[in-house]
Structure formats: structure tokens, C-alpha cells
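Colleague: Sharing a structure with you now.
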Amino acid sequence: MKNIDTQFWTRADLKKKLAGKEMFWKEDCPFCIDLKTNERVLWKWYYWAIIYNLYPYTHWAKHLMLIPIRHACFSHEITNTEYSELHESYDFIEKFYNGDSYFSFTRESISERSVEHVHTHFISGQLKRKTLVEMLKAQGFETSE
């Protein structure tokens, strides 16, 4: 398994890199650039790649992202052929975390994303119900406790 020696940056560093832009669009997509250079690429198959998150939420090297190799903005743009290869991606994720707890999520809306290219986050640890409820409340959702 490839071990990447990379410096991880903070969310504030990301804002500086965006330099006032709303997000990275197709023409300057960091994921597409990484796929061409193999920078941060941990695993790559025909339609999917797994990369290290350069701006991890937890400041931890076990924050990975699953990205389609073809630039797509939303999950509904993924083709059946591309979806058929997902099991190889998840097999790799299982081996990577080696029995440790992890959770995943995908933001489907463009708001609050820094990159247009759709991606799924995989983060080590547990997303506890209390934390999830607090996150939903902070976004204005009614929750049942």
C-alpha cells in the first residue's frame, strides 16, 4: 500500500488557496490535477481513485476521499459502468482501515463544497448519534431526541 509523505493543511490554508473564489471548478479542479500527476493518489482503478485529503477535518492522515476519475459534479451523473466498479473501491477502504472504525459522507449540494468534483469522504473514528443530531440542528433541521 502506498504511503504518502505529504504535508496536511488547515481549512484556513484552503481559504487562502481559493483566493476569494467560491470553489475550485472543472478548469482548476485539484482532484483532476492529482489524478494526472498521481499526487496524493493512494489507489486508482479504471473509474475511481482514492486520495488523501490535503485539508483533513481531523488533521489526520486517515481522511481519504473517493473520487470518480471522470469529472462529475453530482452522484446522479455517475454511469452504471462507473458504479459497477465501486466494490473494488470499498474493498480497498476496508483493507486501509484494517478493522478500525470509520464513517463516510458525500455532500450532494454545491453549497459548502470547496471542489465541484463530487467526492465521498472517509474519516477514521465514529460519528456518534449525538454529534450527528447537533450537526443537523446547526443546519436548521428539526430532530427527535
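Colleague: If each residue's Cβ is checked for other Cβ atoms within 10 Å, how do 133, 41 rank with the fewest at the top?
Modeller: Taking fewest neighbouring Cβ atoms as first place, the list is 133, 41.
Colleague: Relative to the present Cα-Cα distance, how much length would full extension add between residue 104 and residue 86 at 0.36 nm per residue of separation?
Modeller: On the way: separation 18, 0.36 × 18 = 6.48 nm, distance 1.40 nm.
Full-extension gain reported as 5.1 nm.
Colleague: Starting from the amide H of residue 43, placed 1.01 Å from N in the peptide plane, find each other amide H under 5 Å away whose residue is 5 or more places distant or on another chain.
Modeller: 50
Colleague: Give me, ordered by chain and number, the residues 5 or more places off residue 118 or on other chains with an amide H under 5 Å from its own placed amide H.
Modeller: Residues meeting the amide H criterion: 72, 73, 74.
Colleague: By counting other Cβ atoms within 10 Å of each Cβ, how are 144, 109, 75 ranked from fewest to most?
Modeller: 144, 109, 75
Colleague: What relative contact order, as a whole-number percentage, does the range 25-90 give when Cα pairs under 8 Å and 6 or more residues apart are counted?
Modeller: 27
Colleague: Could you list 107, 40 so that the one with the fewest beta carbons within 10 Å of its beta carbon is first and the one with the most is last?
Modeller: If I rank by nearby Cβ atoms, fewest first, I get 107, 40.
Colleague: Past 30 Å, Cα to Cα, is the threshold; run 95/130; 44/137; 44/130; 95/137; 36/130; 36/137 against it and keep the listed order.
Modeller: Distance filter (> 30 Å) returns 44/137; 44/130; 95/137; 36/130; 36/137.
Laboratory data are not the source of any read-out in this text; all were calculated from the coordinates shown. Here the structure is a predicted model, which is why all the values come from computation and not from measurement. Because the Cβ atoms are built from the backbone with ideal geometry, glycine has one as well, and the counts that use them run over all protein chains shown.
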